[in-house]
1. Using helices alone, I'd like the mean residue ellipticity at 222 nm for the chain: each DSSP H run of four-plus residues gives -39500 (n - 2.57), total over residue count, nearest 500.
2. What does the extension gain come out to for D115 and N141, with contour length at 0.36 nm per residue minus their alpha carbon separation?
3. Specify whether the C-alpha gyration tensor of the stretch 215-265 places it in the rounded, prolate or oblate class, a ≥ b ≥ c being the square roots of the eigenvalues: rounded for a/c under 1.5, otherwise prolate if a/b is larger than b/c and oblate if not.
4. Below 8 Å, C-alpha to C-alpha, sequence gap of six or more: please give me the relative contact order for the stretch 18-141 in percent.
5. With θ taken as phi - 60° and the coefficients 6.51, -1.76 and 1.60, list the Karplus ³J(HN,Hα) couplings across the stretch 177-183 in order, rounded to whole Hz; mark glycine and proline as x.
6. In debye to the nearest 20, how big a dipole does the stretch 74-120 give about its Cα centre with +1 on each Lys and Arg Cβ and -1 on each Asp and Glu Cβ?
7. Assign one of three labels to the stretch 18-141, namely rounded, prolate or oblate, based on the Cα gyration tensor with a ≥ b ≥ c the square roots of its eigenvalues; rounded applies when a/c is under 1.5, prolate when it is not and a/b is larger than b/c, and oblate otherwise.
8. Only bridges whose two residues both fall in the chain count here: according to DSSP, what percent of them are antiparallel, nearest 5?
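Rule-based calculations on the coordinates, nothing more; no lab input. The structure presented is a predicted model; accordingly, all values stated were derived computationally and were not measured. Because the Cβ atoms are built from the backbone with ideal geometry, glycine has one as well, and the counts that use them run over all protein chains shown.
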Amino acid sequence: MRTLLLSAIITCGLGMACPKPLLADAYYDAERAAKDFIYYREDFIKLNKSAALDLVYAVSQADDGERKDVAERASREARDKVSADYEKAENRKNEALKLLDAVLKDPAFKDKYRDAEELKAKVNSTWESIQKMSSGLRGSNHPVVAYLIQVGKDLHDTRQRGCPDYEFDTGNGYADCIRPKCDIIEFKPDNSRAKSKAETQLRKYRKGLLENASKRNDLNSKDSRFASCTDFTLTIEAYTLAPEINEDGSFREKSVSWSTYTVSP
């Protein structure tokens with residue numbers, strides 16, 4: 001480094017303008033740093049989108065009652081993942097701006113001022129884009145989390161309200177829904193964990209109604225058609241809620257689908 005510095009001093013001389021090759025190197029260093037940062041945005045988009053998709057998947061694979069806790073853990077993981085690369089991006093941005101500002105302050109680069117200003121504007125707009133797209137994951141909660149939790153609850157509650165008898169005390173837990181066609185139903189997210197839990201719940205509800213005369217009488221009093229039920233079929237009605245993550249970090253709602261699963265007693 002000393003040899004290079006001495007060479008530059010000897011070559012330029014006190015009060016003398018540096019030769020064009022050295023000036024060109026300084027500008028091209030700034031240009032390269034700016035373009036490297038601008039191109040890095042594409043990598044950051046992929047990382048940010050991947051982290052958001054992981055977050056959506058984690059929440060979607062939880063049962064309704066677990067979603068808040070699962071979302072908190074998954075949000076922390078996503079925040080740590082994105083924040084590390086966000087810091088790298090910020091460092092690259094700062095280095096590019098530092099080199100461009102040096103060019104813009106040097107009269108020797110007068111013919112490069114316009115190019116440097118354009119690059120500086122692109123660096124700043126790229127940084128604004130990175131800040132905006134990652135703000136949800138870097139914050140305490142991505143908006144998609146609130147969407148998944150609230151809409152999941154709304155779907156469950158709406159489905160229940162359409163049931164003749166819901167939240168019925170079977171003596172062995174509260175059933176989401178019991179229909180006069182001798183059918184006990186649980187409403188769940190369509191994932192293996194939630195459906196497995198529903199299977200256990202449904203079998204308990206059936207056992208409660210078949211073995212507890214008092215609860216069975218309570219059910220019969222709700223609707224006389226229940227009196228003809230010698231047994232109950234067990235059904236899971238499961239919803240799929242999978243919002244689409246956009247490149248800018250936002251999300252787009254997608255239509256909800258329902259599937260029906262029969263459970264053996």
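1. Values: 7 runs with 166 residues, N = 265.
Estimated from H runs of four or more residues: -22000 deg cm²/dmol.
2. Details: separation 26, 0.36 × 26 = 9.36 nm, distance 3.96 nm.
So the extension gain works out to 5.4 nm.
3. Details: a/c = 5.49, a/b = 3.24, b/c = 1.69.
Because a/c hits 1.5 or more and a/b exceeds b/c, the stretch 215-265 counts as prolate.
4. Values: 103 pairs, mean separation 50.3, N = 124.
Across the stretch 18-141, relative contact order equals 41 percent.
5. Using θ = phi - 60°, the values come out as 7, 10, 9, x, 7, 6, 10 Hz.
6. Numbers: 12 positive and 12 negative charges, 11 e Å.
Its charge dipole is roughly 60 debye.
7. On the way: a/c = 4.28, a/b = 4.09, b/c = 1.05.
Verdict is prolate for the stretch 18-141.
8. On the way: 16 of 23 bridges.
Percent antiparallel among DSSP bridges in the chain is about 70.
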